[in-house]
Amino acid sequence: MSTSSTPSAKIAPSVLASDFGKLTAECTRMIKDGADWLHMDVMDGHFVPNITIGAPVLKSVSDSVTGAWMDCHMMVADPARWVKDVADAGGKSYTFHIEATGEEGADKVIDLIHEHGMKCGVAVSPHTPSTAITDAIGNKADMLLVMTVVPGRGGQKFMAECVPKVSELRARFPGKDIQVDGGLSEKTVKPCADAGSNVIVAGTAIFNAENPSDVIFKLRKAVDDGKSSWPKAA
Ligand code: DX5
Ligand code: ZN
């Protein structure tokens, strides 16, 4: 992840949209098709009503998929609780929601994540303003995540009203990775990329595509093209 210069485009297929019965093959084909990261959606049935995967599945992926860089999106009510397990399972970055911790709690969780050798992301759900990520928290984190659907499941419709939050964060944090997640595809990526997002998560649009490498290429190109429109630093 970048901290000072303009951050590079990264495309992260959301493994939630894969066929879990063939998980190793599904992850491997994404890496062959040009994915930079694997986006792993962990849900605990509390922060969101759904339950997905946990540390044992993350460990299987890191053991069986060569070159897997697991970007772990933790939709959990108690982010501190899972940091060690995810680090031990091979997670490379750990993104938690500011709604789960508040500002003071976020500060402590960021330290814990860094102590466990992972990069740290801080997420905002659609109904949370980007200003919930204060300057202090944003500067301490490695990545900021703007959700463009209500967290909880894949295959939902992109919420364009979340895009101004990307611009606001890009102006305040010019060197950070800014991720968008939810309903992203070749059709919806442009406003996000133009607003300042450089990390694109896409589940359905990549896994269900006839030619995933072509979709990954187009998402990356949208980010590279969008950089010239990024809002200038505040
Ligand atoms: C939603 C998850 C997303 C989701 C994305 O709670 O955080 O990562 O799987 O899937 P698509 O791209 O299908 O919206
Ligand atoms: Zn996600």
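The values are calculated or read from the model by the stated rules, or taken from the named source; none is laboratory data. Only a predicted model underlies this, so the values are computations on that prediction, with no experimental measurement involved. Note that each Cβ is placed from the backbone with ideal geometry, even for glycine, and that neighbours are counted across all protein chains shown.
Candidates are the residues of segment 1-49 that are at pLDDT below 95 and either of a type outside the set (A, V, I, L, M) or closer than 20 Å to residue 182 by Cα (or both); the one that is surrounded by the most Cβ atoms within 10 Å (Cβ to Cβ) is 2.
Residues in segment 173-187 that are away from ligand 2 (no atom under 14 Å from the Cβ) and either among the hydrophobic types (A, V, I, L, M, F, W, C) or under 14 Å from residue 146 (Cα atoms) (or both): 173, 176, 177, 178. Here residue 160 qualifies as more than 16 Å from ligand 2 (Cβ to nearest atom), under 25 Å from residue 17 (Cβ atoms) and either small (Gly, Ala, Ser) or under 15 Å from the mean Cα position of the chain (by Cα) (or both). Looking only at segment 21-44, residues that are over 14 Å from residue 205 (Cα atoms) and either basic (Lys, Arg) or within 13 Å of ligand 1 (Cβ to nearest atom) (or both) come to 10 in all. Filtered by the rule that a residue be crowded, with 19+ Cβ neighbours inside 10 Å and free of Cβ contacts under 8 Å to residues at least 60 places away in the same chain, segment 93-111 gives 94, 96, 97, 98, 100, 101, 106, 109, 110.
Taking each residue of segment 53-80 that is farther than 16 Å from residue 22 by Cβ and looking for partners that are modelled with pLDDT under 95 and part of a helix (DSSP H, G or I) with beta-carbon atoms closer than 6 Å, six or more apart or interchain, yields nothing.
Checking 143, 118 one by one, the residue that is within 15 Å of ligand 2 (Cβ to nearest atom), at pLDDT 95 or above and surrounded by 15 or more Cβ atoms within 10 Å (Cβ to Cβ) is 143 and no other.
Listed residues 68, 77, 89; which is surrounded by fewer than 21 Cβ atoms within 10 Å (Cβ to Cβ), among the aliphatic types (A, V, I, L, M) and under 24 Å from residue 144 (Cβ atoms)? Testing whether each residue is surrounded by fewer than 21 Cβ atoms within 10 Å (Cβ to Cβ), among the aliphatic types (A, V, I, L, M) and under 24 Å from residue 144 (Cβ atoms) leaves just 77. Could you list all residues from segment 169-188 that are more than 16 Å from ligand 1 (Cβ to nearest atom), in contact (Cβ under 8 Å) with a residue 60 or more places away in the chain and touching a helix residue (DSSP H, G or I) at 6+ places or on another chain (Cβ under 8 Å)? Once the filter is applied, which keeps residues that are more than 16 Å from ligand 1 (Cβ to nearest atom), in contact (Cβ under 8 Å) with a residue 60 or more places away in the chain and touching a helix residue (DSSP H, G or I) at 6+ places or on another chain (Cβ under 8 Å), segment 169-188 yields 170, 172, 176.
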